[in-house]
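The values are calculated or read from the model by the stated rules, or taken from the named source; none is laboratory data. Just so you know, these numbers come straight off a predicted model, no measurement behind them. Neighbour counts run over all protein chains shown; Cβ positions are idealised from the backbone, glycine included. Remember, those area values only see protein heavy atoms, side chains included, never the ligands or the DNA or RNA. Shrake-Rupley method; radii C 1.70, N 1.55, O 1.52, S 1.80 Å.
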Amino acid sequence: SQQGEEDPQALSIQEGENATMNCSYKTSINNLQWYRQNSGRGLVHLILIRSNEREKHSGRLRVTLDTSKKSSSLLITASRAADTASYFCATDFNDYKLSFGAGTTVTVRA
Amino acid sequence: NAGVMQNPRHLVRRRGQEARLRCSPMKGHSHVYWYRQLPEEGLKFMVYLQKENIIDESGMPKERFSAEFPKEGPSILRIQQVVRGDSAAYFCASSGARGREKLFFGSGTQLSVL
């Protein structure tokens, strides 16, 4: 069954603002990943955070993981028009199967 | 470009026809995964293959769907006697090793069944 659930479903922000989205999951994980999908394209891996990590940064991205609450957040700072996309969290279902949420659609207005 | 290549990008079939979707993994990758995405939804796991072997097909419908990853050539996802409900985007991903690390995705095949 699907593990990750993103919140909110959709987010509209002004260019330069920060965007925050959350992911909750049900069972224990080894790692959690975030992917981006531009309209009509495949998913692009953004960042992976392991279960023993609490926070990770990559450029303008910041991911947190709280295993006690079974939740993660993705923060995009100083958003740009090019950040307009859908963002998915994925949890490892077993040692090869990823389970994806329904995603958060982010629209960055110029 | 040594990324994951999928073709065709768009495939239109009439009900009852067969659909064949192809996926060439990244160079050096021997693990292939197929996912299906319906509009406004996340990706749903279908099947995981290693060269010449199906490791897990638990996400694939028992009837009409089959997948292969031969020793030579691309991985093929085959859907026989398509129905309207098969209309979706089908994504292939590959990895260099079995494990929980990141996947590299192709651009997908959009299947439309008329």
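Observations, loosely collected:
- Summed buried accessible surface, chains B and A, 1.4 Å probe, nearest 100 Å²: 1900
- Protein accessible area in chain B, 1.4 Å probe - carbon and sulfur %: 46
- The stretch A:35-98 shape via C-alpha gyration tensor axes, a/c threshold 1.5: oblate
- Cα gyration tensor, the protein assembly as shown - rounded (a/c under 1.5), prolate or oblate: prolate
- Phi angles of the stretch A:39-54 translate, via the Karplus equation with coefficients 6.51, -1.76, 1.60 and θ = phi - 60°, into HN-Hα couplings of 3, x, 10, x, 7, 10, 5, 9, 6, 10, 10, 7, 5, 8, 9, 10 Hz per residue; Gly and Pro are given as x.
- Under 28 Å of direct C-alpha separation, and excluding same-chain neighbours fewer than eight residues apart, A:LYS69 reaches these lysines: A:LYS26, A:LYS56, A:LYS97, B:LYS44, B:LYS102.
- Multiplying the residue separation of A:SER51 and A:SER12 by 0.36 nm and subtracting their alpha-carbon distance yields 11.0 nm.
- Think of a 1.4 Å ball rolled over the protein heavy atoms: chain A then has 46 Å² of accessible area per residue.
- Per-pair calculated FRET efficiency, R0 = 30 Å: A:LEU75 and B:ARG84 via Cβ, rounded to 0.05: 0.15
- Electrostatic dipole magnitude of chain B [Cβ: Lys, Arg +1; Asp, Glu -1; Cα centre; debye, to 20]: 220
- Residue among B:SER95, B:TRP34, B:LEU11 farthest towards the positive dipole end of chain B, charges placed on Cβ: B:LEU11
- Paramagnetic reach from B:ILE55 (point 7 Å along Cα→Cβ, amide N under 11 Å) across the stretch A:83-110: A:94-98
- Taking a ≥ b ≥ c as the square roots of the eigenvalues of the Cα gyration tensor, chain B is classed as prolate, since a/c reaches at least 1.5 and a/b is larger than b/c.
- Here's the picture: a label point sits 7 Å out from the Cα of B:ARG20 along the beta-carbon direction, and within the stretch B:53-90 the residues with their amide nitrogen under 19 Å of it are B:53, B:64-83, B:90.
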